[in-house]
Amino acid sequence: MVYVEMRNPEENYPFDHWWVIATSEELGQGQLLPRKVLGMDVVLFRQDDGTAAALVDRCSHRGLPLSMGALEGNRITCGYHGFQFDPTGTLVAVPTQPNCPRKGSVRAFPVVDKAPYIWIWTGDPALANADDVPVYPWLREPGWAWATERIHVAANYMLLKENVLDLTHFPFAHKSTLGAIDSYANYSPPPVLGDDRVCYRNEFLNQPLSPVYNDDLGLGDRLTDRVDEGVSVSPAVHIAKVSIRIKEPRPGEKAEYAFMFHHMTTPETPRSHHYWWAMARDYAVNDKAAAYFKSIAHVAFAEDKVILEAIQKRNDEAGPGANLQEVSVVADRAGLMARRQLQALLDAEDRRRAGGTV
Ligand code: FES
Ligand SMILES: [Fe+2]
């Protein structure tokens, strides 16, 4: 079975890949959750034992979205003429006749629920390895306060990937929020390739801590060394770590703290994506933390959304005579490296398809 036809040039995303499709929390028992990923309409649901399942969200009979049907036990009953599908996508009942057409099955996708996220494999199921689905201790284990949320962004997902690899936009795009005191604009990140990843590192030494991190730490003007590191782990995942060290810790005082950022991107279409941000910290683990993270995200990431959507719109609406060329500077090195890495991934996938293995 061919799972993916020849790539549309606009589809700048690998299909043989694990992507976040939902949070574990948002998929309740008994629910049919529709979500479009990589141009494909998918319906998610939980089986009787709670295991997540995913099918193409289109009935094989006349095309009604299966998410408009009913989930009874492990079966989805289509809301039009009552065809029934099991979690493998097999058509198991047609109300008006005893037998089911052999070609009536719909595509099932491998899915893995590793809280707090449900991941989907969008390519050849034979290549899916559940062990490749990552687990993040700071989003699961005690000792951390964390929160995550989805933002829909009407822009290609690589615009977001490049945004989080170039933090020199902070003083301009986030004037009153993340960019309040950090001097990112003077910073030329030397990207480094670690394994097959794009990384950056930025140091803020011997300085009072930015209010973003100091809010619940209460260090006031005391001096700290802070190191920001970001890693584009894959097209689906970017993780940044902010390491804070108090310069002169008081007796008995914990000297080192960590603040984690996640930017999880899943293409919806070539012109839109789902963006799950997550934040976690190993200090001030209290009831107010999640609300604090959301207050940062709702302002700062909304600022990015406005910018990325405006860029996408401007490019989409450009007339035939428009010049859409870009000029790059030193600060773009990590982003350009991420583009090259993505292209290598896409080329490899296209070669596999051409070789008949997908
Ligand atoms: S469209 Fe689904 S049963 Fe007819
Ligand atoms: Fe930003």
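The values are calculated or read from the model by the stated rules, or taken from the named source; none is laboratory data. Please read all numbers here as calculations on a predicted model, not as lab measurements. Cβ coordinates were reconstructed from backbone atoms using ideal geometry, including for glycine residues, and neighbour counts include every protein chain displayed. Ligands, DNA and RNA are excluded from the accessible area calculation, which covers all protein heavy atoms including side chains. Shrake-Rupley method; radii C 1.70, N 1.55, O 1.52, S 1.80 Å.
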Going through region 83-102 in order, the residues found to be over 15 Å from Asp57 (Cα atoms) and modelled with pLDDT of 95 or more are Val92, Ala93, Val94, Pro95, Thr96, Gln97, Pro98, Asn99, Cys100, Pro101
Can you confirm whether region 190-199 contains a residue that is modelled with pLDDT of 85 or more, of a type in the set (Val, Ile, Thr) and surrounded by 19 or more Cβ atoms within 10 Å (Cβ to Cβ)? no
Listed residues Val37, Val4, Val42, Val56; which is modelled with pLDDT under 95, under 22 Å from the mean Cα position of the chain (by Cα) and either away from ligand 2 (no atom under 16 Å from the Cβ) or buried (at least 17 other Cβ atoms within 10 Å of the Cβ) (or both)? Val4
Tally time: how many residues in region 62-77 are within 12 Å of ligand 1 (Cβ to nearest atom), in a loop (DSSP other than H, G, I, E, B) and of a type outside the set (Lys, Arg)? 4
Among the residues of region 229-262, the number that are out of contact with any helix residue (DSSP H, G or I) (no Cβ under 8 Å at 6 or more places or on another chain) and either β-branched (Val, Ile, Thr) or not in a strand (DSSP E or B) (or both) is 15
Restricting attention to region 241-259, and to residues there that are surrounded by 20 or more Cβ atoms within 10 Å (Cβ to Cβ) and not aromatic (Phe, Trp, Tyr), which single residue is nearest to the chain's Cα centre (by Cα)? Val242
The lone condition Asp41 fails out of (1) within 16 Å of ligand 1 (Cβ to nearest atom); (2) more than 30 Å from Ala338 (Cβ to Cβ) is (2)
Checked region 118-141 for anything in contact (Cβ under 8 Å) with a residue 12 or more places away in the chain and part of a loop (DSSP other than H, G, I, E, B); matches are Thr122, Gly123, Asp124, Ala128, Val133, Pro134, Val135, Tyr136, Arg140
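Tell me whether region 278-292 contains one or more residues that are over 23 Å from Pro142 (Cα atoms) and not aliphatic (A, V, I, L, M).
no
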Odd one out for Val106, checked against (1) crowded, with 19+ Cβ neighbours inside 10 Å; (2) outside the structural domain of Asp216 (by TED's automatic domain parsing); (3) more than 16 Å from ligand 1 (Cβ to nearest atom); (4) among the aliphatic types (A, V, I, L, M): (3)
Return the residues of region 101-117 that are in a loop (DSSP other than H, G, I, E, B) and more than 15 Å from Asp132 (Cβ to Cβ); say none if nothing qualifies. Pro101, Ser105, Val106, Arg107, Ala115, Pro116
Can you give me the number of residues within region 127-154 that are open to solvent by less than 20 Å² (accessible area, probe 1.4 Å), more than 13 Å from ligand 2 (Cβ to nearest atom) and touching a helix residue (DSSP H, G or I) at 6+ places or on another chain (Cβ under 9 Å)? 2
Identify the residue in region 304-319 that is away from ligand 2 (no atom under 11 Å from the Cβ) and of a type outside the set (Gly, Ala, Ser) and, among all such residues, is surrounded by the fewest Cβ atoms within 10 Å (Cβ to Cβ). Glu317
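For region 2-17, does any single residue satisfy the condition of being over 30 Å from Gln341 (Cβ atoms) and in contact with a Leu (Cβ under 6 Å, 6 or more places away or on another chain)?
No, region 2-17 has no match at all.
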